[in-house]
1. Which percent of the accessible area of the stretch 85-138 is formed by carbon and sulfur heavy atoms (probe 1.4 angstrom)?
2. How long are the semi-axes of the ellipsoid equivalent to the stretch 89-168, from square roots of 5 times the Cα gyration tensor eigenvalues, in whole Å, largest first?
3. Once you place label points 7 Å from the Cα toward the Cβ at Leu38 and Thr4, how far apart are they in nm?
4. What is the antiparallel percent of DSSP beta bridges lying wholly in the chain, to the nearest 5?
5. Can you work out the PRE-style zone for Asp139? Point 7 Å along Cα to Cβ, and I want the residues of the stretch 32-76 with backbone N under 19 Å.
6. DSSP loop GluC sites (Glu not before Pro) in the stretch 15-123 with at most 11 other Cβ atoms within 10 Å of their Cβ, which ones?
7. Taking the Cα centre of the stretch 58-178 as origin, work out the dipole magnitude from +1 charges on Lys and Arg Cβ and -1 charges on Asp and Glu Cβ, in debye rounded to 20.
8. With 24 Å as the cut-off, how large is the P(r) tail for the chain, expressed as percent of Cα-Cα pairs?
Amino acid sequence: MTPTIGVLALQGGFAAHARVLRELGAEVREVRTPGDLLGLDGLVLPGGESTTMTLGIEREGLAGPLGDLVRAGTPVLGTCAGLIMLDRAHLGLMDITARRNAFGRQLHSFEADLRFPDLEEPVRAVFIRAPWIEEAGEDVEVLAEVDGHPVAARQRNMVVIAFHPELGEDTRLHAQFVERVREHAASRAG
Ligand code: GLN
């Protein structure tokens, strides 16, 4: 079956996520209003600017219905600003505190090879004014770190990544996400 994955499209890097997800066989719906969330099998919160994204979510009344979708167990992938949106101080859905622009003003962007638990080869990670996870609850599994700072983590149905897996040729992290979405959709269909 073809899963339908929503990509929050108020602002930021949603188009690149949509392209990768379509390449991997998902149907993609751009999410701008609460109605766009209905019936989704998965959701991506892209990178961008978290302050602007917060204002858009407030304006459109998205926080409540988006929270309901996530609490219902729908697989969610939050990247960069999307990681920030899921944290305690924003949507409050994941038990993490994000630190914005954590790598400092000088270091606006950089790349690093990161190992992930379920991937044989490292991921070439592109960081752009990225956050890191300053603090995480017991229930949060750290998936990757840079200099001892968590930059990817998982809690229940939520995966967050501080860098930009939608840029570049390596689609393995999206493929893992689409796989989880398929499993979730199949289990819902019974
Ligand atoms: N620095 C941005 C913020 O704090 C996030 C950067 C990104 O998403 N590439 O919102």
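1. 41 percent
2. Numbers: eigenvalues 73, 56, 22 Å².
Equivalent ellipsoid semi-axes, largest first: 19, 17, 11 Å.
3. Reported label-point gap for Leu38 and Thr4 is 0.9 nm.
4. Expressed as a percentage, antiparallel bridges in the chain total about 55.
5. Residues 43, 64-76 qualify, since their backbone N sits under 19 Å from the label point.
6. Answer by residue number: Glu120.
7. 380 debye
8. 32 percent
The values are calculated or read from the model by the stated rules, or taken from the named source; none is laboratory data. For clarity, every value in this text was computed on a predicted model and none was experimentally measured. Counting neighbours? That spans all protein chains shown, and the Cβs are built from the backbone with ideal geometry, glycine included. What goes into the accessible areas is simple: the full protein's heavy atoms, side chains included, and nothing from ligands, DNA or RNA. Shrake-Rupley method; radii C 1.70, N 1.55, O 1.52, S 1.80 Å.
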